[in-house]
Amino acid sequence: MATSYAQQMLDALSSGQLEQAQQFFAKALRRDSDEMIYSLAEELYALGFLNQSRRAYKKLLEKYPKEDELRTALADIAIEDGEIDEAQNYLAQIQPDSASYLQALLVKADIYQSEGLNESAEYSLLQAEKLAPNEAIIQFALAEFYFANQFYQKAVGRYRGLLLQGKREVSRVDLVARIGVAYAQIGQYDHAIGYLEQIKPETMTLDTRFQLAILYQENHREDDAIRLFNEILDVDAKYTSVYPLLGQAYAQINQFEDAYRTYQAGLAQDETNGQLYRLAGLAAEKLGDLTIAETYYQQGLALDEGDVAILVALTDLFFKQHRFSEVIAQLTTAISDDVVDSQFYWSLARAYQAMGDTEKAAENWANAAPLFQENSAFLQDLIDWYHEQGQLEAEITALKQYLFLSPDDIDMQMRLEDLAY
């Protein structure tokens, strides 16, 4: 039996003979059967040869103008090419009584979502659901829509409906994993863990393991989190999102040497990760090596001199070493470069106070005070500042605010009573 030109084209493509494939394609459109041309169009679309696939579908549409399935296929190709108007034109030709109308609604939803028209996308999907309420692919499309748009509770309902239909996987998406992640996003960690733990280890993706490890960490199951994080790195050492979290998991159980080694390993994989420089510095401080800690902070700032978290860590280190003038120099330079954070004013106030510059200290305490009214540690420092300056009324006001946050602090209660009476 003679091989079709369509098959000869596909064979030529697989062997890299593009010019010969093009010749076979032209012959296929002229001489092969319509069924063969349709199959070729599907194959070419799957392989990414959109122009050739479009030509094949168009040839068939000219011959079969009532076949709306061809219009949805051409609309899909137009979307892939970014030709949204053309795609909508094909879809507009499909009437509600067409067998392809349901598919057209799904394609329309994709178009609307890609353009940020989420209400229109949802409307199209809900219209499709009315036409086929039990169709799994529509329920899945709605679930994915809600998941992508962070309506996680709605997404869970759709995914669970599919599970009740006996569907565990749709379009290569593990529904149990989706439900677990959705529960995690709305803070229902126990439900999230329960679902994610149902996935067999051998089928669990690295991303799902990562999500489950984070949930373990959130629930203070550090040993389980550490085990999973390390399993991920055993498979892919370049999964750099793991290193900060793994190090922090070690730190949570006071294994600071393991945390430090983890951050070093992370930096070996990604020397541009400012967070790892900061965490490595903090771990070095815990291990008593302040010189190494400062080196890490300075390396992080060399990458991004406006990294607020590293600036705060570095100036906190300077405070420990009573290097108050360096705190002031570092933060005033940052502020002059338009790098500003509320913590800076607190730190500058303390530094100027330690240096005996009362005027500058007062200015920065005044800047910081409105920003930290819910921070008991700040209020303790502010109370001491007011006391040092003899500002009795301000000290009493700050004490009352502090005791509102920390009503069980007996020492502060007695201090307020002594000042008030």
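Coordinate-derived values only; no laboratory data. These numbers were taken from a predicted model, which means no experiment stands behind them. Counting neighbours? That spans all protein chains shown, and the Cβs are built from the backbone with ideal geometry, glycine included.
Annotations
- Hz values of 3J(HN,Hα) by residue in segment 381-395 - Karplus curve (6.51, -1.76, 1.60), Gly and Pro given as x: 5, 5, 4, 4, 5, 4, 5, 4, 8, x, 8, 4, 5, 5, 5
- Coordinate range along principal axes, alpha carbons of the chain, Å, largest first: 102, 46, 44
- Computed about the Cα centre, the dipole magnitude for segment 205-304 is approximately 60 debye when only Lys and Arg (+1) and Asp and Glu (-1) carry charge, each at its Cβ.
- Principal-axis analysis of the Cα atoms of the chain puts helix 50-63 at an angle of about 40° to the longest axis.
- Amide H contacts for VAL170 (H built 1.01 Å from N in the peptide plane; partners 5 or more residues away or on another chain; cut-off under 5 Å): LEU175.
- Taken about its Cα centre, segment 311-366 carries a charge dipole of about 260 debye when Lys and Arg each add +1 at the Cβ and Asp and Glu each add -1 at the Cβ.
- Pair GLN413, GLU393: separation of 7 Å Cα→Cβ label points (nm): 2.8 nm
- Maximal additional length on extending the ASN149-GLU135 stretch stands at 2.9 nm, based on 0.36 nm per residue less the C-alpha distance.
- Once the chain from GLN93 to GLN185 is taken as fully extended at 0.36 nm per residue, the excess over their C-alpha distance is 29.1 nm.
- Choice from LEU175, LEU382, LEU314 showing the highest fluctuation, given a GNM over the chain with Cα pairs closer than 10 Å: LEU382
- Per residue Cα convex hull volume in Å³ - calculated over segment 205-304: 81 Å³
- Restricting the GluC sites (Glu not before Pro) of segment 49-130 to loop positions (DSSP other than H, G, I, E, B) with no more than 11 neighbouring Cβ atoms within 10 Å leaves GLU115.
- Size descriptors for segment 1-159: radius of gyration and Dmax over Cα atoms are 18.2, 57 Å.
- For the listed residue pairs LYS108/LYS130; LYS108/LYS167; LYS360/LYS400, the alpha carbons are over 20 angstrom apart in LYS108/LYS167; LYS360/LYS400.
- Positive-end residue, the chain charge dipole about Cα centroid, Cβ charges, pick of VAL170, GLN7, GLN389: GLN7
- Residue (of PHE404, GLY161, LEU379) at the positive-pole extreme of the chain, dipole from beta-carbon charges: GLY161
- Residue-wise HN-Hα couplings along segment 329-339, as the Karplus relation 6.51 cos²θ - 1.76 cosθ + 1.60 with θ = phi - 60° gives them from phi, are 4, 5, 7, 5, 5, 4, 5, 5, 8, 6, 9 Hz; Gly and Pro carry x.
- Scaling against 2.2 N^0.38 Å puts the C-alpha radius of gyration of segment 324-371 at 1.02.
- Kirkwood Rh and Cα Rg combined as Rg/Rh, segment 373-421: 0.92
- If only the Cβ of Lys and Arg carry +1 and only the Cβ of Asp and Glu carry -1, the dipole of the chain around its Cα centre is close to 1800 debye.
- With respect to the chain, whose longest principal axis is taken over its alpha-carbon atoms, helix 342-355 is tilted by about 20°.
- Segment 122-281: Cα Rg divided by the 2.2 N^0.38 Å rule of thumb: 1.23
- In order along segment 154-167, the Karplus-derived 3J(HN,Hα) couplings, from 6.51 cos²θ - 1.76 cosθ + 1.60 at θ = phi - 60°, round to 5, 4, 4, x, 5, 4, 5, x, 5, 4, 5, 7, x, 8 Hz, and Gly and Pro are given as x.
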